[in-house]
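The values are calculated or read from the model by the stated rules, or taken from the named source; none is laboratory data. Computed from a predicted model, the values in this text were never measured in an experiment. Positions of Cβ are backbone-derived with ideal geometry, glycine not excepted, and every protein chain shown enters the neighbour counts. The protein model used for the area step is the full one, side chains on, heavy atoms only, and it has no ligands, DNA or RNA in it. Shrake-Rupley method; radii C 1.70, N 1.55, O 1.52, S 1.80 Å.
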Amino acid sequence: MDNLYYSDYIELDKILNSQHPKSFSSLEDGNDEMLFIIIHQAYELWFKQILFELDLVRNIFIRDRINDNSDDMSRVVQRLKRVVKILELINQQVSVLETMTALDFLEFRNHLLPASGFQSKQFRLIEAKLGLKMEQRYKAEYYKHTRRGSLSEADLQEVNQAETESTLKELIIQWLERMPFFHEGYWHDYKRSSPVDVHSSPVDKRSDQASENDKHQFWVDYRNAYQTSLSENERGRLAEFDKVFFDEGRGDVSPAAMRSALFITIYRNLPILHLPFELLNTLSEIDELLSNWRYRHFMMVRRMIGIRVGTGGTSGAGYLEGTLSHHYAFREITEVATFLIERSKRPALPKALKEKVSFNIP
Ligand code: HEM
């Protein structure tokens, strides 16, 4: 368009005319409420961008059933890495607000009652689209829309709706379940690394019900290597291994998806697994950075209001501390690390599979 003007393009007037502190009307009486409003607005803008990136990524997964050989995978990883950068940035922003002291905050705190960051619909949508379900939320009763200080009925409905659409976690699980590593054709020259002992291996014993992947020799070998890597007081881990990778899975992640996540993690050096590993790693990073934010926010809140209840009516710092250990979307993916073995102990992959997953430039 001819003559497009900077402030018109980014609709600056709307943004810059949206700060209306309630505790003062002239500069002489000015206090930190201006900073408080601006920092929340800056956060909400970044939340909007995060939601945009998450929707794009979810769309790629939904539309294409993601093709590992196309650009899809790198687009997904690139977008999620951008989310990581934004989260790093908004973590740092906490220190700008920390230049405000508890007494400064008291000058205007009562003016914002019962509004609270708890009501940030966008923050709730980020959590929901990543994969956090209402029943997994710490103190889910706080979300009942009848309470003052909680989400409005319309906002809550939107968050509930987001939970029912394919969340990033569900899409990642489906993608992991589709991994084609165990097609028979790749494994005919596989050399077992451990002696076959069908009597001692629960993996083999359950062969009747188990799927082809479940009883795959590779996993029997891996399980044996894992067993030998455990110290005396970690012996119980083997039962956990069977549960996670062959019986129940972990959390809402199926055994098949857990096996793929483990396979990708141990053989990340193979060219075709670089991006899938980056993806899994980035998901853990997102969880970690969100958790860092929760921690920084919680510490800041303690400094600002001690152990007073929040403006939104929760127990305040105590509630926020509780969210720290509950609100992870990708806990199971991150905790795959529990089941790793040393590189040198990994079963050697068969030639056919290695050729399939490597760059083969003559
Ligand atoms: C002086 C600064 C701040 C104080 C004292 C404060 C206090 C609180 C408290 C006490 C809660 C718990 C809910 C309640 O009862 O109100 C809460 C939740 C929340 N606040 Fe803040 N907050 C501050 C700054 C911020 C900023 C800058 C943001 C950025 C958007 C923010 C976002 C949130 C969010 C998203 C929640 C919900 C957290 C969850 O439930 O997991 N807060 N805040």
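Computed across the range 146-194, the Kirkwood radius stands at 15.1 Å (inverse of mean 1/r, all Cα pairs). Would you list, by chain and number, the lysines whose Cα falls below 16 Å from the Cα of Lys144, excluding same-chain residues fewer than 8 positions away? Here the lysines satisfying the reach criterion relative to Lys144 are Lys121, Lys133. For Lys14, the aspartates and glutamates whose Cα comes closer than 18 Å to its Cα, not counting residues fewer than 8 places off in the same chain, are Glu44. About its Cα centre, the dipole of the range 11-54 is roughly 160 debye, where the only charges are +1 on Lys and Arg Cβ and -1 on Asp and Glu Cβ.
Legend: residues Asp287, Asp55, Asp247, Asp2, sorted from most to least accessible area (1.4 Å probe; ligands, DNA and RNA excluded), read Asp2, Asp247, Asp55, Asp287. Ranking Phe123, Tyr186, Leu168 by how far each Cα lies toward the positive end of the dipole of the range 70-191 (charges on Cβ) leaves Phe123 at the top. Charged side chains reduced to their Cβ positions (Lys and Arg at +1, Asp and Glu at -1) give the range 1-140 a dipole of some 900 debye around its Cα centre. Note on the range 306-357 and the range 1-20: Cα centroid distance 41 Å, given to the nearest whole angstrom.
Among the listed pairs Lys85/Lys351; Lys48/Lys139; Lys169/Lys356, a Cα-Cα separation exceeding 30 Å is found for Lys85/Lys351. A simple charge model with +1 on the Cβ of Lys and Arg, -1 on the Cβ of Asp and Glu and nothing else charged puts the dipole of the range 211-285 at about 140 debye relative to its Cα centre. So what's the angle, to the nearest 10 degrees on a 0 to 90 scale, between helix 153-164 and the longest Cα principal axis of the chain? Result, in degrees: 10. Taking all protein chains as they are arranged and a probe of 1.4 Å, the heavy atoms of Arg63 leave approximately 150 Å² accessible to solvent. Taking Glu288, Glu88, Glu163 and ordering them by how much accessible surface each has at a 1.4 Å probe, largest first, produces Glu288, Glu88, Glu163.
I'd like the orientation of helix 121-130 relative to the chain: the angle between its Cα long axis and the longest Cα principal axis, in ° from 0 to 90, rounded to 10. Helix 121-130 sits at roughly 0 degrees to that axis.
Helix 217-229 and the longest principal axis of the C-alpha atoms of the chain enclose an angle of approximately 70°. Using a 1.4 angstrom probe on heavy atoms only, work out the carbon and sulfur share of the accessible area of the range 224-362 in %. Whole-percent figure for carbon plus sulfur exposure: 52.
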